[in-house]
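The values are calculated or read from the model by the stated rules, or taken from the named source; none is laboratory data. Computed from a predicted structure; not experimentally measured. Backbone-built Cβ (ideal geometry, glycine too); neighbour counts: all protein chains shown.
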Amino acid sequence: MGRTVATNRKARHDFTVEDSFEAGIALTGTEIKSVREGAVNLQDAYARIEKGEAWLIGARIAPWPGGNRWNHEPMRDRKLLLHRTQIDQLVGRTKAKGLTMVPLSMYFNDRGKAKLQIGLVRGKKNYDRRRDIAARQAKRDMDREVADALRGR
């Protein structure tokens, strides 16, 4: 994985990530320039498969400041580039298990191509979130105790 442009931190808070995969994304010229500047928001975005094609919906790529009247629409749906077998697999898993596809991060790979890490996720309940917070706090307390013990306190 190369340079990360945007991450969807809220996705890991609201969902349990069961699996993740990499997808290419079809962008126009002004969109790729905005992505290189990091003007991407994946907060409320999700992916959906329609008519055998995967689409990213709800992602915001800000208009490029140097663009003119042919600048792109910030909230347009963008096509995800996946193999047919991957799409068929995703259709089966989302229908059978009730999973959702959510973008986790956008980055540039080693060859300079924009990629999107998509997660197959299941929604968390409130008690799952509370359990995660309690576990994180317990780990933080244990790490603090170990650090204090090593310092000789």
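Please go through the range 1-40 and give me each residue that is buried (at least 16 other Cβ atoms within 10 Å of the Cβ) and without any contact (Cβ under 8 Å) to a residue 40 or more places away in the chain, ordered by number.
33, 34, 39
So which strands (runs of 3 or more DSSP E) stay within the range 43-122 end to end and still have 1 or more residues that are under 11 Å from the mean Cα position of the chain (by Cα) and among the aromatic types (Phe, Trp, Tyr)? Before you say what the answer is, go through the steps one by one.
Working: elements: 46-50, 53-57, 78-81, 100-108.
It comes to 46-50, 100-108.
Among the residues of the range 13-42, write down those that are assigned to a loop (DSSP other than H, G, I, E, B) and within 30 Å of residue 135 (Cβ to Cβ).
Of everything in the range 13-42, just one residue is assigned to a loop (DSSP other than H, G, I, E, B) and within 30 Å of residue 135 (Cβ to Cβ), namely 42.
Are there any pairs, at least 6 apart or on different chains, whose C-beta atoms fall under 8 Å, with the first in the range 103-124 and of a type in the set (D, E, K, R) and the second buried (at least 18 other Cβ atoms within 10 Å of the Cβ) and not in a loop (DSSP other than H, G, I, E, B), and if so, which?
Hits for this filter: 115/23; 115/25; 115/106; 115/107; 122/15; 124/15.
What's the number of the condition residue 104 fails, among (1) closer than 22 Å to residue 39 by Cα; (2) modelled with pLDDT of 90 or more; (3) in contact with an Asp or Glu (Cβ under 7 Å, 6 or more places away or on another chain)?
Failed condition: (3).
Which of the residues spanning the range 107-143 are modelled with pLDDT under 85 and touching a Pro at 6+ places or on another chain (Cβ under 9 Å)?
Of everything in the range 107-143, nothing turns out to be modelled with pLDDT under 85 and touching a Pro at 6+ places or on another chain (Cβ under 9 Å).
Within the range 47-74, which residues are surrounded by 14 or more Cβ atoms within 10 Å (Cβ to Cβ) and without any contact (Cβ under 8 Å) to a residue 24 or more places away in the chain?
57, 58, 60, 74
Looking at 81, 104, 120, which one is under 18 Å from residue 29 (Cβ atoms) and of a type outside the set (Phe, Trp, Tyr)? Quick ask: steps written out before the conclusion?
Numbers: 104 fails: under 18 Å from residue 29 (Cβ atoms); 120 fails: under 18 Å from residue 29 (Cβ atoms).
Among 81, 104, 120, only 81 is under 18 Å from residue 29 (Cβ atoms) and of a type outside the set (Phe, Trp, Tyr).
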